[in-house]
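First comes the structure, then the notes that go with it.
Readers should treat all values here as calculations from the given coordinates under stated rules, not as data from a laboratory. None of these values were measured; they are calculated from a predicted model. Here the Cβ positions follow ideal geometry from the backbone for every residue, glycine too, while neighbour counts run over all protein chains shown.
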Amino acid sequence: MQRLEDKIAVVTGAGRGIGKEIALLMASLGAKVVVNDLGGNTDGTGTGKIADDVVAEIRAAGGEAVSNTDSVAEVGGGEALVQTALDNFGGMDILVNNAGILRDRTIFKMEESDWDAVIAVHLKGHYCCTRPFANYIRSENRTGGRIINFSSVSGLYGNFGQANYAAAKAGIAGFSRVMALELAKYGCTSNTISPGALTRMTIPLRENRGENVGDSEIESGGPQHIAPICAWLASDASAGITSEIFHTGRGGIAIMQQPKIIKQFKKRGSVWTMDELDQIVPQLIDAKKANVAAADESGKPIEL
């Protein structure tokens, strides 16, 4: 029996890049797949039928798939996307929230439209697709669901010129943790992927820095390296693993630290004075540095 046999998956932004690789791999592992993609440019403009091409590729390989071109940035689009799975395959087990766009600018030049468009596709898009899936899980008492959300090192660490993208991606990590709590009673997990891959969205960033991206580097750092952990998290093997952030790419797979208090002082009675904070804050910073150093050491890759 294949890992995802009898599972029904919806993958957003699956016309190219990471989403396409996830859809292809899940289909090869037995899942029936709804391939969603608006078919637009990296900035979210335009439309196309690239989802149909991925469906054709899956079917040619003996898999089952249908396409969907609704916008994940709209509530109606998310509802139609889930309905596509129900109409064509009779259910839904897996949601991969991967769709995204870029409108990179420093805060000095970022227009309201740049901010709104990125937040809509990424952060609101996760809501638009997850809510109807969650309601379906509850109304049908369909257990064992899987939600795989996409954050980014830009949101978890920060990246120059990506305030809109980083804000959305940081929000997605928080959203994913809440979904893990709210859907736990149905055995539905919610995990986050922080990908590191060369795609049509990220290659221009490298090129703009004057870096050459050759075919060999694309092969070693392409989106095909992201798909395996997504497929594994979608399988029954991942039962009970939820609210985690996995970083993956270029042959690496890592689990990331969640927000946690490192060191704490507590004062009884009155509020902190400035002089007291002069003494205490440096101790907090030192504790943070020690924690980071320990994480850097434990996070060094283990070659297999």
Under the Karplus relation 6.51 cos²θ - 1.76 cosθ + 1.60, θ = phi - 60°, what is the ordered set of whole-Hz ³J(HN,Hα) values for segment 226-237, x standing for Gly and Pro?
8, 4, x, 5, 5, 5, 5, 5, 7, 8, 5, 5
Consider a paramagnetic label point 7 Å from the Cα of Ala287 along Cα→Cβ; state which residues of segment 234-264 have an amide N under 16 Å from it.
259-264
Helix 75-89 versus the longest principal axis of the chain: what angle, 0 to 90°, nearest 10, using Cα atoms?
50 degrees
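Antiparallel DSSP bridges in the chain: what percent, to the nearest 5?
Working: 4 of 30 bridges.
Close to 15 percent.
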Report the trypsin sites (Lys or Arg not before Pro) located in segment 222-292 that are in a DSSP loop and have at most 10 other Cβ atoms inside 10 Å of their Cβ, or state none.
Lys260, Lys266, Lys267, Arg268
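What is the sum of charges around Phe89, taking Lys and Arg as +1, Asp and Glu as -1, for the other residues whose C-beta is under 11 Å from the C-beta of Phe89?
-2
What pairs in Lys266/Lys289; Lys266/Lys288; Lys7/Lys185; Lys20/Lys260 have C-alpha atoms more than 24 Å from each other?
Numbers: Lys266/Lys289 20 Å; Lys266/Lys288 17 Å; Lys7/Lys185 20 Å; Lys20/Lys260 34 Å.
In this structure, Lys20/Lys260 lie more than 24 Å apart at Cα.
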With x for Gly and Pro, the residue-by-residue ³J(HN,Hα) of segment 277-284, computed from phi through the Karplus equation 6.51 cos²θ - 1.76 cosθ + 1.60 at θ = phi - 60° and given in whole Hz, is 5, 4, 8, 8, 4, x, 5, 5
What ³J(HN,Hα) values, in whole Hz, does the Karplus curve 6.51 cos²θ - 1.76 cosθ + 1.60 give for segment 126-138 when θ = phi - 60°, with x put for Gly and Pro?
4, 5, 4, 8, 6, 4, x, 5, 4, 5, 5, 4, 5
If amide H atoms are modeled at 1.01 Å from N in the peptide plane, then the residues at a separation of 5 or more from Ala14, or on another chain, having amide H under 5 Å from its own are Asn36, Asp37
222 nm [θ] for the chain, helices only, -39500 (n - 2.57) per DSSP H run of 4+, per residue, to 500?
-13500 deg cm²/dmol
So what's the angle, to the nearest 10 degrees on a 0 to 90 scale, between helix 163-182 and the longest Cα principal axis of the chain?
80 degrees
With a 10 Å Cβ neighbour count serving as the proxy for reagent exposure, in which order, fewest first, do Met26, Met1, Met179 appear?
Met1, Met179, Met26
Contact order normalised by residue count of the chain, Cα under 8 Å, 6+ apart, percent
15 percent
Prolate/oblate/rounded call for the chain, Cα gyration tensor, a/c under 1.5 rounded:
prolate
For Gly249, distant residues with modelled amide H under 5 Å away
Gly196
